[in-house]
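J.: Let me give you the structure first, and then I'll get to my questions.
The values are calculated or read from the model by the stated rules, or taken from the named source; none is laboratory data. Bear in mind that the values here come from a model prediction, so they are computed numbers and not experimental data. Cβ coordinates were reconstructed from backbone atoms using ideal geometry, including for glycine residues, and neighbour counts include every protein chain displayed. Heavy atoms of the whole protein, side chains included, go into the accessibility calculation; ligands, DNA and RNA do not. Shrake-Rupley method; radii C 1.70, N 1.55, O 1.52, S 1.80 Å.
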Amino acid sequence: MKKRFLSVVLALILSLSFAGNAFAASYHENDIEKYIIGQLSNAKIPGGEISIVTSGKEVYSASFGDVPETNSDLKIGSLSKIFTSISILQLIDSNKISLDTNIVDVISGSGNVPDITVEELLKQTSGYTTTQKIESGNIPEPLGKKGEYQEARINYAILGKIIEEVSGDSYSDYIQNKILKPLQLESTYTTDDMSGKDVVLGHDNLFGLPIAKKAEKTDHDEWDAVPATGIVSDAKDMGSVLSMFLAAGGKTLSYDQIEKMYADGTDCGNTIFATKGTSGLGWIKTKVGKQDVYYVSGAIDGYISSAFLVPGQDLGITMLFDTSDVISGNDVIEELMSNVICLAIGEKARTIDSKAVMMPHIEFDIVYIIVFLASLVPFLMMSWWYRNTRKKSIGIIRTIVDVVVHIGLPIAIYQYVPVIIENVLGDDLGSWFMIKKFLPECYYVTLLVMAVLFAGIPVKVISAIVAIKKGPLEEEEYLSEELGEENSERENKDDSLEEKQEDNSDVGEDVSEDTENAEKTDSEDIEDAEKTDSEDVEKTDSESAENDGDNVESQKENQALVSKDEDESEKVQDDTEEAAATLEEESEEIVKEENETETVEETESAEVVKEFKTRRQKKEEYESSFEREAVKALENNSSDENQTDIDKDLSGIKKDSDMQTAVPKIKKRYNPQKGMPVKIVVEPDDDLDN
C-alpha cells in the first residue's frame, strides 16, 4: 500500500516537473526569442547567445547575429568570479579554510595588510578600490573604507592566490580538475590557455560604431584578474553551471554552501533591475516582482555577459554578447538582459529606445571634434606668430604662453582626462589602462591631441631661429604684408568703385551734353547777330546818300558793336573749350582716384565749404565760368534763412568735382527764378525802358 502511494506521488511530481519544463520551453521560444531578436538592432548588438536551464536540463538555447552557435567561445568577463567563488566554497567544504580566515594567514607577502577575511573578499567589502592591483606579487593595503561594497578586481585576484596557496595547484589547474571536469564543461578555459582556440571576435565601440577585434590574453601585470575576469566559456557550459546551483550542488558543492550563497549580503546599491540589492558570496541578490533573483554581470574589453538564478521558479538564464560599450551600449544591454528575466518570470518587458546607444556617442563625438580643432589653433596662428616674432622678438610673456600651451596643457590633459572620465562614466575607468581597454576612441583622440600640441615645440623653435636669423621685419616688407592682409577688403570695395565710376560717367555725359547745347546756342546767337548786323549795314548804305555824316557815325557804331559781338563770341567759345578741357581733366582725375589702393583721408565738410566760399573772385582762380557763376548765384542771391540749409547740403561735398553736380541742384531748389547767365546783345535802337 505504501509503495503504491509513493509511486503515485513520485509519478505526480515527475509529471508536474515535465509539464513545467515543457511550459517553460514553449514560453521562452514564443516570447523571449521574439523579444531578443526584435531588440538586437535597437541595442546595436552584433551578436550573442543564450541558454535557459532548470535544475535538470537545458530547456532552450539560441545564438544571434554573428555568433554562429550556442557553443561558440566568448570571453565571459566578470562571470569568471562564479568559478572563483565555487573554488573557495569547495575549500571551505574540505575544511581547509573558512569564511573568517584572514588572508595574512594563508598568503605569503601580505604581512603588512590589515585583517581582511575571505568573506569580505567574496562580498567585495574589504576596502579595496577599483584602481588597486597586486604589484610584483605584493598585496597592497586597502585605500577605501572597509565594510562598504566596491566592485574591485583585486578582491578576486587575492582569492585566486588563496586557492593556489591552499590547494598547491595553479588557478587554471584547480578549476580544470575540480569544476570543469566534474561538470563536463568542454568549452571553458582561462585566457592563459586561449592560444589556438577559436574565440569569437569581440567588438569595441569606436565613435558609435562596433569594430571587431581579436580576443587578447589577459595582461597579468596590469589586469591582475584571471580569477576575476580571465575565463572563456560558452552559453551551454554556463547553463550547466547554473543547473548545478539549482540542483543544490550535487557532487561539486555541498547544499550548506549553496545556502550560504543564497543568504542576504551587504547593501550594494542599485541593480540592473533598478532595484536595491545586496552582495553575497559572489552573487548580487535582489527582488524582481515577487521572486528573489541572483545574478552576476560584467563587461570586459569587447564582451559583456550575465548569469541569473531564480530558485523560486527553478530557472537559470545565461546571456553572452560579443560587444562592449561603456558610454551607452553596456547600459542598454543590461536593460535588455533584465527585460528577458522579467519576461521569464511573468513581468512586463520594456522596449529598447533606438536612440539610446547613438545619442550619447554623438555628444562624445562633438566633444572630440571640438578638442581636436582647439589643438590645431596654435598651428593656424603660426603665420601671425612668426610675423610678431620678427617684429617684436620673442619676449618673456610669449615664451611663457608657448610653454603653457605646448608643454603644460598636454601634461594636464594626461593627468585629468582619467579623472573626468571616471566622474562621467564610473569609477572603473579611472586609469589610462582601463580607458584604453573600454574607451579606445577617447584614448586615441587624447593621444592625437597631445601629439599635436607637443609637435608645436619643434615647429616654433625652428620658426624662432629663422625669424632671429632674418632679423626685424623691414618697413617695406611689413607694409607689403599689411597690404596683403587688406587685399580682401580692397576687393570688396571694387564693386562700389565701379558703380561710382559709372555714376561719374553719367554725370560727365550730362555735362558734355549741356556744353554742346551751350555751344549750339551761342553759335546760333552769333549767326543771328551777324545777320542782323549785315541787314543794318545794307540799310545804312542805302540811306548814305541822304545823310553821309549820320551814316558814317552809325556805321562806326555798328562796326564797333559787331567787333564787340565777335569778341564776346570768341570769349564764349574759349569758355566752352576751357569747360570741356576741365571736364576731361576731372574725368581723368576721377578714374585715377578710383584706381588708387590707399585710403585718402576725407576733408572735414565744414572746411570744404569755407574754402569754396572764400576763393578770390578772379577768373583765373576758378576752374570754369560755370563754377564762378554758380558761386555768385549761391552767395549773392540766397536769403539768410536758406543759407543754413544750403550749407547743410554743401557739407556732404568732399571735392570740387562733386560741386559741379551739387550746385545746380541747390540753386534750382532755393533760387528757382535764377538760371545760368546768358549773353544778351543790346541793339542801339532797342527801347531799354520797355
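J.: Determine whether ILE304 is in contact (Cβ under 8 Å) with a residue 24 or more places away in the chain and open to solvent by 10 Å² or more (accessible area, probe 1.4 Å).
T.: no
J.: Just checking, how many residues over region 307-335 are of a type in the set (S, T, N, Q), open to solvent by less than 10 Å² (accessible area, probe 1.4 Å) and under 22 Å from ASP353 (Cβ atoms)?
T.: Residues flagged as of a type in the set (S, T, N, Q), open to solvent by less than 10 Å² (accessible area, probe 1.4 Å) and under 22 Å from ASP353 (Cβ atoms) within region 307-335 amount to 3.
Per-residue answers, yes or no, for (1) touching a helix residue (DSSP H, G or I) at 6+ places or on another chain (Cβ under 7 Å); (2) polar (S, T, N, Q); (3) open to solvent by 30 Å² or more (accessible area, probe 1.4 Å); (4) assigned to a loop (DSSP other than H, G, I, E, B):
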| position | (1), (2), (3), (4) |
| --- | --- |
| ASN112 | no, yes, yes, yes |
| THR129 | no, yes, no, yes |
| LYS145 | no, no, yes, yes |
| ALA157 | yes, no, no, no |
| GLY160 | yes, no, no, no |
| GLU164 | yes, no, yes, no |
| ASN177 | no, yes, yes, no |
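J.: If you take the residues in region 82-96 that are surrounded by 18 or more Cβ atoms within 10 Å (Cβ to Cβ) and not hydroxyl-bearing (Ser, Thr, Tyr), which one is nearest to the chain's Cα centre (by Cα)?
T.: This residue is ILE82.
J.: Does region 288-298 contain at least one residue that is outside any strand (DSSP E or B), open to solvent by less than 20 Å² (accessible area, probe 1.4 Å) and in contact with a Phe, Trp or Tyr (Cβ under 6 Å, 6 or more places away or on another chain)?
T.: no
J.: Ok, one more. Which of the residues spanning region 192-211 are over 21 Å from ILE175 (Cβ atoms), in contact (Cβ under 8 Å) with a residue 40 or more places away in the chain and not β-branched (Val, Ile, Thr)?
T.: Correct list: LEU201, GLY202, HIS203, ASP204, ASN205, LEU206, PHE207, GLY208, PRO210.
Each row is one residue, and each column tells you yes or no for (1) in a helix (DSSP H, G or I); (2) touching a Cys at 6+ places or on another chain (Cβ under 8 Å); (3) exposed (fewer than 11 other Cβ atoms within 10 Å of the Cβ).
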| residue | (1), (2), (3) |
| --- | --- |
| ASP353 | no, no, no |
| ILE362 | yes, no, no |
| TYR368 | yes, yes, no |
| ILE407 | yes, no, no |
| PRO418 | yes, no, no |
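J.: For residues in region 245-256 being of a type outside the set (Gly, Ala, Ser) and open to solvent by 10 Å² or more (accessible area, probe 1.4 Å), which is modelled with the lowest pLDDT?
T.: LYS251
J.: So GLU186 clears everything in (1) among the charged types (D, E, K, R); (2) in a loop (DSSP other than H, G, I, E, B); (3) surrounded by 15 or more Cβ atoms within 10 Å (Cβ to Cβ) except one condition, right? Which one?
T.: Only one criterion in (1) among the charged types (D, E, K, R); (2) in a loop (DSSP other than H, G, I, E, B); (3) surrounded by 15 or more Cβ atoms within 10 Å (Cβ to Cβ) is unmet by GLU186, namely (3).
For (1) over 15 Å from ALA307 (Cα atoms); (2) in a helix (DSSP H, G or I); (3) among the β-branched types (Val, Ile, Thr); (4) in contact (Cβ under 8 Å) with a residue 40 or more places away in the chain, each residue gets a yes or a no:
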| position | (1), (2), (3), (4) |
| --- | --- |
| ILE82 | no, yes, yes, yes |
| ILE86 | no, yes, yes, yes |
| ILE92 | yes, yes, yes, yes |
| ILE97 | yes, no, yes, yes |
| ILE107 | yes, no, yes, yes |
